[in-house]
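Worksheet for the structure shown next.
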Amino acid sequence: MALALSAAGAFVAPRSPRSFRSSKDGIPFTRKTARPSRGETAAARAAASPFPYDAGLDVVLYDTTLRDGSQQVGISLTCDDKLAVAEHLVALGVGYIEGGYPGSNPKDVEFFSRWTSSGLAERAAAKNVTLAAFGMTRRRGVAAEDDEGLKALVDCPAPCVCVVAKAWEEQCEKVLGVDGDENLAMVVESVAFLRRNGKEVIVDCEHFFDGHAAGASFAVSVAVAAARAGASHVVLCDTNGGAMPWACEAATAEVAEALRAEGLFESCRVGAHAHNDTALAVANSLAGVRGGARMVQGCVNGYGERTGNADLLVVAGNLELKMDARCLPGGEDAVRRLTRTAAGVAKACKQAPDPRQAYVGSSAFAHKGGLHVAALAKMPMSYNHVLPSRVGNEARAVVSELSGRGNIVAAAREAGRTVDPTVATLVLAQIKDLESRGFVLEDAGATVEILFRRADPGYRAPFNVLEFNVAASNSCFGGFVANDAPRDARAGEVNHAVGYKTGSVAVNQVVVKVELFEYDESLAVGEPAHGVPTGRATELCVSEGNGPVNALANALRLALSDAYPQLERIHLRDYKVDLLSTEGTSAATTRVTMDFADKDGDTTWRTVGAHASIIEASFRALVDGMEFGIAQCGPEGCDVSARRDEGKREAPAAR
């Protein structure tokens, strides 16, 4: 049974699958929502609704990634980036997309212009997605029709406008320099002006919960005044991110009751906008829904200023799957897009995906403990709160020193491989041994796959490294000058020849001796001699590089590329070194993680090596990465999502 948060802060079961219960002054009330009848068309519902989105929605999602999200440190979006994010949001089917602040910068002006020219406007209209522009109420002492910010909103092609208004009386006095009455006039006149100019108006009541705690009547009066003036939604903002869920629910219920008392509840809906400073943004958004909110504002992946905004994807997952509240017009198909949307927006924002992100992270349904994996094999829901496929994600078994044989079998199954108990036991023993020596294999899928292959008696290894040698030297052209060389007394400047002199040359040379295998192509997979080489050829190659690891990669590629030309499309994308020592000595074990990629695509794979020598650790990861790439890459590209045809994978191209 799903659990919900009550106004008092306790977890209680909802009264009915489609009922949201709140309380005001101890008097409970219930708001019920209903699905549209089967015979009712979307057009008929839209015609009967004062709102532009699907009337069958219980809660509408308002995305502000393009404005609030871009305020996150480390995120800077070009106009092209913003359009790419918007494409994902339209495909998902959110109700509103906030494009930006047209009065603040040329980039946002360009976005609103290209919204139409790019074809996004047409695609958004087909899915009832409304473009919104952000702004503020009129300035102090300026008439609404003379306010440059409001005029920019009127001129903006977005049919909807979201304006921010102060809902904390102390802020009005200390920040805006106006009293409460003038603040209310600014809200009313701004909304009325925008409505006269044909705009739908949403009012974000900034600092609402701080204002409510300081003086509830004023905070509520701001929301009611906006509704009276013609706002379609009044959104209660936890701007500082410090409110508690029970306070959000109770205050939201109070505003909903005030709108009911004014006869405005059907024409103006309440919204929730939460920041994540106390890690409660999603919880506060859901508490707002229980209090009567019909809109939730947030950002994809929880992007935003400071610690971020409510993660709109997690909110959507909870509303649809936990509270039975419809927030995506596409229903189950839209919910299955959540994981794809998270990845697409992260890529457009140039942010690394969060593997631990609820519902959509790569580790959201990852299982490392052997007991958990064994239980999941018998009962998939025993350690998954929902089926991963419902949100477009997938479960995976992670292999590590904590694994049991079930993890090994599950990991092999995910790769399309069937392993017998003997092979699983052998690989598990190898994994435990490697991790005890510093390897971390839980995210190094290619290294684990190579362990499976090498444990298979029928595996046709493409090559074997017999030996390698690395020589690193430096020519200083005149010798070393000590770092404590005296200053030039006459010029009063530091001697610029300190350290290695200009013109010094670092030389990194590698010699690699590789054995290439040949096999009998007439033997079928499964025959006893299938993995036995019928011929061997030795390659001895010398290469230089920009550092010893680059020289190693060049030499290995030189030795193998004639036999396996697919190596030409593989490049090293990332290289990470960790020192594994509690004492920080230079003799500590070094762990090296390498990320490889198809140079013409987005396909990537990861390997790991560990050794007291950083060169040895690097070479082990490098060999695994290239061996994996030989099997997974071909003339058309690389495919690591599933096992390729067994015959093709186990019989690499002959020399």
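On the basis of being in contact (Cβ under 8 Å) with a residue 12 or more places away in the chain and under 25 Å from Asn276 (Cα atoms), does Ala124 make the cut?
No.
Pairs under 6 Å by beta carbon, first residue under 24 Å from Asn318 (Cβ atoms) in the stretch 347-359, partner part of a loop (DSSP other than H, G, I, E, B) and open to solvent by 60 Å² or more (accessible area, probe 1.4 Å), six or more apart or different chains?
Hits for this filter: Pro355/Ser362.
Starting from the stretch 549-575, keep only residues that are within 12 Å of Gly629 (Cα to Cα), then list their pairs with residues that are open to solvent by 10 Å² or more (accessible area, probe 1.4 Å) and of a type in the set (Ser, Thr, Tyr) whose Cβ atoms are within a distance under 7 Å, requiring at least 6 positions of separation or different chains.
Cβ pairs passing all conditions: Leu567/Ser561; Glu568/Ser561.
Does the stretch 523-551 hold any residues that are closer than 16 Å to Asn464 by Cβ and either basic (Lys, Arg) or open to solvent by less than 30 Å² (accessible area, probe 1.4 Å) (or both), and which are they?
The first filter runs over the stretch 523-551 and keeps only residues closer than 16 Å to Asn464 by Cβ, leaving 531-541.
Those that are closer than 16 Å to Asn464 by Cβ and either basic (Lys, Arg) or open to solvent by less than 30 Å² (accessible area, probe 1.4 Å) (or both): Gly531, Gly535, Arg536, Ala537, Cys541.
Only one of these conditions is not met by Leu89: (1) over 18 Å from the mean Cα position of the chain (by Cα); (2) open to solvent by less than 20 Å² (accessible area, probe 1.4 Å). Which number is it?
(1)
Does the stretch 521-541 contain any residue that is in contact with a Cys (Cβ under 8 Å, 6 or more places away or on another chain) and not hydroxyl-bearing (Ser, Thr, Tyr)?
Let us first name the residues in the stretch 521-541 that are in contact with a Cys (Cβ under 8 Å, 6 or more places away or on another chain), namely none.
The answer is no; no qualifying residue exists.
Just to be sure I understand the filter: pairs with C-beta atoms under 8 Å, separated by 6 or more residues or on different chains, first member in the stretch 169-180 and assigned to a loop (DSSP other than H, G, I, E, B), second member among the aliphatic types (A, V, I, L, M). Which pairs pass?
Val178/Met186
Looking at Ala471, Ala497, Ala506, can you tell me which residue is part of a loop (DSSP other than H, G, I, E, B) and either surrounded by 10 or more Cβ atoms within 10 Å (Cβ to Cβ) or modelled with pLDDT of 60 or more (or both)?
Numbers: Ala471 fails: part of a loop (DSSP other than H, G, I, E, B); Ala506 fails: part of a loop (DSSP other than H, G, I, E, B).
Step by step, each of Ala471, Ala497, Ala506 is checked, and only Ala497 is part of a loop (DSSP other than H, G, I, E, B) and either surrounded by 10 or more Cβ atoms within 10 Å (Cβ to Cβ) or modelled with pLDDT of 60 or more (or both).
Of all residues in the stretch 30-66 being open to solvent by less than 40 Å² (accessible area, probe 1.4 Å) and among the basic types (Lys, Arg), which is modelled with the lowest pLDDT?
Residue satisfying both the conditions and the ranking: Arg31.
Could you please let me know if Val187 is closer than 30 Å to Glu122 by Cβ and crowded, with 24+ Cβ neighbours inside 10 Å? Talk me through it step by step, then tell me what you get.
Working: closer than 30 Å to Glu122 by Cβ: no; crowded, with 24+ Cβ neighbours inside 10 Å: yes.
No.
Of Val270, Val234, Val201, which residue is assigned to a strand (DSSP E or B), in contact with a Leu (Cβ under 6 Å, 6 or more places away or on another chain) and either farther than 29 Å from Arg306 by Cα or not small (Gly, Ala, Ser) (or both)? So that I can check it myself, show each step before the final result.
Values: Val270 fails: in contact with a Leu (Cβ under 6 Å, 6 or more places away or on another chain); Val234 fails: in contact with a Leu (Cβ under 6 Å, 6 or more places away or on another chain).
Every option except Val201 fails the conditions.
Within the stretch 214-239, restricting attention to residues that are touching a helix residue (DSSP H, G or I) at 6+ places or on another chain (Cβ under 6 Å) and not aliphatic (A, V, I, L, M), which residue is surrounded by the fewest Cβ atoms within 10 Å (Cβ to Cβ)?
So the residue we want is Gly215.
Out of all the residues in the stretch 324-363, which are open to solvent by less than 30 Å² (accessible area, probe 1.4 Å) and over 10 Å from the mean Cα position of the chain (by Cα)?
Kept after step one, since they are open to solvent by less than 30 Å² (accessible area, probe 1.4 Å), are these residues of the stretch 324-363: 325, 327-328, 331, 334-335, 338-339, 341-342, 344-346, 348-349, 357, 359-361.
Ala325, Cys327, Leu328, Gly331, Ala334, Val335, Leu338, Ala348, Tyr359 - these are the residues of the stretch 324-363 that are open to solvent by less than 30 Å² (accessible area, probe 1.4 Å) and over 10 Å from the mean Cα position of the chain (by Cα).
The values are calculated or read from the model by the stated rules, or taken from the named source; none is laboratory data. Given the structure is predicted, the values throughout are model-derived calculations rather than measurements. Cβ sites come from the backbone with ideal geometry, for glycine too, and all protein chains shown count toward neighbours. The accessibility values were calculated without ligands, DNA or RNA, using every heavy atom of the protein model including side chains. Shrake-Rupley method; radii C 1.70, N 1.55, O 1.52, S 1.80 Å.
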